[in-house]
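Following: one structure in structure tokens, then a few remarks.
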Amino acid sequence: MNLSHLFELANDSGGTLYLMTVLLLVALTVIIERARYLSNMQHGGDKIIAMLKRGDFAAEQASLPTQLARLPHGRLFDALQQASADADRSKLEGHLEEAIMHQVPTLDRSLWLLDTVITLAPLLGLFGTIIGMFNAFHVLGDAQNGAAQVTGGIAEALIATASGLFIAMIGVGFFNALHTRVRIVLHQLETIKIMLVNRDRRDHQSNHRHDHQDAPAGAGVSRVQTIAHSARA
């Protein structure tokens, strides 16, 4: 099967094979772009979660690398910094949840194109096969053409359906894989949100305890100084 024969098949299918070539290129473009983007995002989320687990929250917040700060996970740190210092837990969770909602559209961006290719490719292949069948049965009108030419035309017409199914199978496999990665990144965002809220409340409670512990000590020192001054007088 040479190149000229492929062009002949594409022409006999009514041009549907050309359209399916375009669909295949669109699917591969979306697959490669989303796979790289979600992979980098997932690795970056793992690094941020590891940082929150092993170190001081305030130090990590100040030293978040620029590469990680550009990820959607970094928007949670920005939302935390913008929240007021006296915000309670429910308000803080609301700010972080809003930040997550703003980042969700960037996760499954362009996946609708892949979904469209999965649906359209088999239908387009079937349409090309029907056109090829018309051409194959048209051969019967000529008495000089034998049955072998008719069956050969039918076999060539089925190439369009096979091509559409092949594109759809590739698309379904990668679509499910990319959708799984989107769910993983969403789980990372929810995990980071909870970790930030817990550590922020813990820091507030720690500072509150320190203030209460320092206040009696300062009052005791003041009373001692007053007693010593009275004794000297």
**Report entry** Packing-based ranking, highest mean first, of 159-171, 69-81, 35-47 given that Cβ atoms within 10 Å are counted
**Finding:** 159-171, 69-81, 35-47
Requested in this report: Go through 127-133, 182-188 and give me the packing order, highest mean Cβ count within 10 Å leading.
Outcome: 127-133, 182-188
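Read-outs: derived from the displayed coordinates by stated rules, not from any lab. Predicted model, so just to flag it, every value in this text is computed and none were measured. Cβ: placed from backbone, ideal geometry, glycine included. Neighbour counts: every protein chain shown.
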